[in-house]
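*Asks:* Pasting in a structure now, in structure tokens, and then I'll have a few things to ask.
The values are calculated or read from the model by the stated rules, or taken from the named source; none is laboratory data. Just so it is clear, the model here is predicted, and its values are computed rather than measured. Cβ placement follows ideal geometry from the backbone for every residue including glycine, while neighbour counts extend to all protein chains displayed.
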Amino acid sequence: MSSDKETIRTRIWDEVPEPDNPFAAASCYCAGFDVYGDLLGKISWVEYLYLLFKLEPPSAGQAGLLEGLAVAIANPGPRDHSVRAAMNAGVGGSSHAACLAATLAVGAGQAGGAHEVALAMDVWRACGRDLNTWTGHLSRTPEAEQADVWPPAEHPPGFDPRGVSCATPVRRSLEYLSVRSDGDNLPWLQQHRGELERAAGLPLAMTGVTAAALVDLGFDAPQGEMLCLLLRLPGAAAHALEQQGYGYKKYPFFKDGLDLINDPGPVPRGDGRASR
């Protein structure tokens, strides 16, 4: 019998070892479902994703909503700083893992990143679907979290601090997802978007739509933050590979090379020769 010190505690996963190799699994169970006997070939990727996080299968409506959200945020595009981070890493010759690490690092924050989605989910939990509560919240200056990891938010989470009007992809995503949600938040957001934008003085952002969708799906803020990081990776990966193939000479920010100001000249090496 294994001691507590040697036991990994998890409600997500269970394994039965192969009879001839205790280090290899013969059967793997996710939330009680046999992954390679019951699930493989019978459920979609987003259904499995939901099962991993919620430990229960999604309804047809929940699966459809998560599928739609995954498509909506899979590729924020080169305008997004997290995608640009992956592109910079790719064209600079970094490893593939480093490209993904770059996009995760840049896309993790509270200026259009995954932590902003988590903050916006907290606002949904606090304000619900009460317009007066939302208006009062949006009129107040954002406060710092108790933890010192994050600085005070500089704008209401879920809204675009640089936006002029609500961007077309945001409006179309909200329209599509709101009619497919079994929850109440996305339809309410679709109905009251204009009033919320006037209260915030800013247009709704994709982070706001994402937060409402994740709350309607029953995820909490930490789960939503993790899912947002995960679901935004495909576009960054594809753009990094594309730029890696083009090379730095076709990348507009590096094509002319670097102009070194006040060049000190060759640096002597230990063997007496000069090097750059």
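*Asks:* Can you find even one residue in the stretch 82-102 that is closer than 27 Å to Glu197 by Cβ and touching a residue at least 24 places away in the same chain (Cβ under 8 Å)?
*Replies:* Yes, the stretch 82-102 has at least one match.
*Asks:* Does Leu189 fit the bill of being closer than 20 Å to Ser139 by Cα, of a type outside the set (Asp, Glu), crowded, with 19+ Cβ neighbours inside 10 Å and free of Cβ contacts under 8 Å to residues at least 40 places away in the same chain?
*Replies:* Answer is yes for this residue.
*Asks:* Kindly provide the set of residues from the stretch 36-70 that are over 30 Å from Pro187 (Cβ atoms), in contact with a strand residue (DSSP E or B) (Cβ under 8 Å, 6 or more places away or on another chain) and either assigned by TED's automatic domain parsing to the domain that holds Asp216 or surrounded by 12 or more Cβ atoms within 10 Å (Cβ to Cβ) (or both), ordered by number.
*Replies:* Within the stretch 36-70, Tyr36, Leu39 qualify.
*Asks:* Let me ask something additional. Please indicate, with yes or no, whether at least one residue in the stretch 161-171 is modelled with pLDDT of 90 or more, surrounded by 20 or more Cβ atoms within 10 Å (Cβ to Cβ) and within 19 Å of Ala118 (Cα to Cα).
*Replies:* yes
*Asks:* So Lys42 fits all but one of (1) at pLDDT 95 or above; (2) within 30 Å of His115 (Cα to Cα); (3) not hydrophobic (A, V, I, L, M, F, W, C); what number is the exception?
*Replies:* (2)
*Asks:* A further question on this structure: How do the pairs read when you match residues in the stretch 19-35 that are surrounded by 10 or more Cβ atoms within 10 Å (Cβ to Cβ) with residues anywhere that are in a loop (DSSP other than H, G, I, E, B), using Cβ under 6 Å and keeping only pairs 6 or more apart or on different chains?
*Replies:* Filtered contacts from the stretch 19-35: Ala31/Leu55.
*Asks:* State all residues of the stretch 213-231 that are over 14 Å from the mean Cα position of the chain (by Cα) and in a helix (DSSP H, G or I); if no residue qualifies, say none.
*Replies:* Scanning the stretch 213-231 gives Val215, Asp216.
*Asks:* Just wondering, is there one or more residues in the stretch 103-117 that are part of a helix (DSSP H, G or I), modelled with pLDDT of 95 or more and under 20 Å from Gly245 (Cβ atoms)?
*Replies:* yes
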